[in-house]
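What follows is a single structure, written as structure tokens, with notes after it.
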Amino acid sequence: MSGAGFETLKALIVEDNAHMRALLRALLNSVGIKDIAEAPHGEAALRVLRERKSDLVLSDLAMKPMDGLEFTRQVRNSDASPNPFVPIIMITGHTEKHRVEAARDAGVTEFLAKPITAANLYARIAEIVERPRAFVRCEGYFGPDRRRRMAEDYAGPWRRAEDFADTEVR
Amino acid sequence: MTAAAAKQAQFIAPDAYPQMMSTQDAARAMQTLRSATTAVKAQLAMEQAAPPMKLAILQYVCELEEFGTDMERVFEKAHEIRGFAETAGLITTGRISEILCRYMDDMARIGKPADAIIVALHVSAIAQAARAEKDDLAMGEIVAAELAALVARRLTEALR
């Protein structure tokens with residue numbers, strides 16, 4: 001099969017724990033991603049993103065001085081962001097519902113709960129590769145579409161211009 | 001454009017913004033993700049990561065014990081332990097850390113201080129589990145269930 005696959009991809013790991021960074025690097029290496037930059041927190045990661053193209057970001061949530069949520073908001077919304085569409089997988093032990101929702105509302109592409117397994121990480125990457133998400137820009141949010149699926153019996157409200165293009169509204 | 005139209009969300013389809021990789025590369029990438037070779041390499045990576053992580057967790061446990069009633073630091077460290085205890089093969093340690101984190105998070109959300117005795121019990125259980133020579137899953141299940149029941153009772157009391 002032709003195509004470079006992961007070999008030409010550039011990844012960025014944003015994680016304050018050196019052991020976790022090493023594990024994530026090894027798991028990315030296992031699929032052929034060799035060009036990997038690392039940053040210990042969001043602020044440093046933003047600098048890396050400005051200096052070097054990144055096709056995929058794996059980010060922790062709890063970091064100082066800038067956490068993964070603020071980092072994601074900056075990537076998605078800052079005028080200085082080099083790629084507001086870059087896929088961001090948030091990897092965290094903070095799995096409480098309100099934190100997952102906060103990550104979703106910040107604009108993460110995928111959420112992965114620690115402890116991580118190779119299978120879970122690869123499933124999130126496969127999701128990005130196979131089913132890239134549409135992006136939504138609305139008041140107070142820019143990021144991947146937070147509606148994963150369309151409920152067949154959804155009766156509205158219809159808030160997107162596109163909702164009217166292919167939906168009969170009664 | 002009317003104000004209502006301006007307020008409507010703009011929908012950007014995947015083919016309208018730069019993708020992580022081309023369709024051709026994606027097919028190859030999926031083949032790699034699903035290959036047996038990748039699974040073997042990943043398994044090896046996980047196995048190699050476990051020993052240094054276990055050493056790190058033992059260090060974190062010492063720090064956790066030293067933090068005493070400094071709840072913010074206890075929460076941060078317990079969270080860190082929860083994050084990779086299971087990756088290091090310390091399943092019981094991970095489960096008890098998970099219960100402690102959820103308890104402290106729930107108490108913070110309802111605006112009440114975490115009970116120092118409950119926290120100390122968890123810290124002690126985490127330390128014992130991490131330092132045990134073998135991860136005793138059966139005993140770990142019992143301890144975790146007891147602690148979870150205790151936490152549930154205390155949370156119910158706190159919500160009254």
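The values are calculated or read from the model by the stated rules, or taken from the named source; none is laboratory data. Note that the structure is predicted; figures quoted are calculated from it, not measured. Quick reminder, even Gly has a Cβ in these numbers, built from the backbone with ideal geometry, and neighbours come from all protein chains shown. To get the accessible areas, we keep the full protein, side chains included, count just its heavy atoms, and leave off ligands, DNA and RNA. Shrake-Rupley method; radii C 1.70, N 1.55, O 1.52, S 1.80 Å.
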Next item on the list: Treat each spin label as a single point 7 Å out from the Cα along the C-beta direction, and report the A:K64 to B:L137 distance in nm.
Entry: 3.7
Check: How many nm separate the modelled label positions at B:R160 and B:E66, each set 7 Å beyond the Cα in the direction of the Cβ?
Finding: 4.0
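What fraction of the Cα pairs in the protein assembly as shown, stated in percent, has a spacing above 34 angstrom?
Numbers: 17654 of 54285 pairs.
Pairs farther apart than 34 Å: 33 percent.
For a Förster distance of 25 Å, can you work out the FRET efficiency between the beta-carbons of A:D35 and B:M30, rounded to the nearest 0.05?
0.80
Order B:D70, A:D60, most accessible first, counting only protein heavy atoms with a 1.4 angstrom probe. Walk me through the intermediate numbers first.
Working: B:D70 60, A:D60 5 Å².
I get B:D70, A:D60, largest accessible area first.
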Notebook entry, point to check: Averaged over peptide A:132-139, how many Cβ atoms belonging to another chain are found within 10 Å of each residue's Cβ?
Noted result: 5
Notebook entry, point to check: Is chain B best put as rounded, prolate or oblate by its Cα gyration tensor, with a ≥ b ≥ c the root eigenvalues, rounded for a/c under 1.5, and otherwise prolate when a/b is larger than b/c, oblate when not?
Noted result: oblate
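Starting from segment B:2-98, pick out the chymotrypsin sites (Phe, Trp or Tyr not before Pro) whose DSSP state is loop and whose Cβ has at most 10 other Cβ atoms within 10 Å.
none
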Note to self: Give me the residues in segment A:17-36 whose solvent-accessible area, probe 1.4 Å, is reduced by at least 30 Å² once all protein chains are included instead of the chain isolated.
What the structure shows: A:N17, A:H19, A:M20, A:L23, A:S30, A:V31
Next item on the list: Quick one: accessible surface of A:S30, probe radius 1.4 Å, all protein chains present, in square angstrom to the nearest 10.
Entry: 10
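Based on DSSP H runs of at least 4 residues, each adding -39500 (n - 2.57), what is the mean residue ellipticity at 222 nm of the protein assembly as shown after dividing by all its residues, to the nearest 500 deg cm²/dmol?
Values: 13 runs with 181 residues, N = 330.
Using -39500 (n - 2.57) per qualifying helix, the result is -17500 deg cm²/dmol.
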Notebook entry, point to check: Accessible area per residue, 1.4 Å probe, Å², for segment B:50-159: what's the number?
Noted result: 49
Next item on the list: With all protein chains present, calculate the accessible area of B:L44 using a 1.4 Å probe and round the result to the nearest 10 Å².
Entry: 90
Check: Tell me, what % of the accessible area of the protein assembly as shown is carbon and sulfur with a 1.4 angstrom probe?
Finding: 53
Checklist line | Antiparallel bridge percentage (DSSP; both residues within the protein assembly as shown; nearest 5) | finding: 30
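Summed for both chains, how many Å² of accessible area, to the nearest 100, are buried between B and A with a 1.4 Å probe? Walk me through the numbers before you get to the answer.
Numbers: alone 11080 and 10000 Å², together 16600 Å².
Heavy-atom accessible area buried at this interface is about 4500 Å².
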Margin query: Within 15 Å, Cβ to Cβ, of B:G83, how many net charges do the neighbouring residues add up to if Lys/Arg are +1 and Asp/Glu are -1?
Written below: -3
Note to self: Filter A:K97/B:K41; A:K97/B:K77; A:K114/B:K54; A:K97/B:K134; A:K97/B:K112; A:K114/B:K77 down to the pairs with a C-alpha to C-alpha distance above 26 Å, please.
What the structure shows: A:K97/B:K41; A:K97/B:K134
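Can you quote the Å³ per residue value for the convex hull of the Cα atoms in segment B:1-91, rounded to an integer?
Looking at segment B:1-91, the number lands at 194 Å³ per residue.
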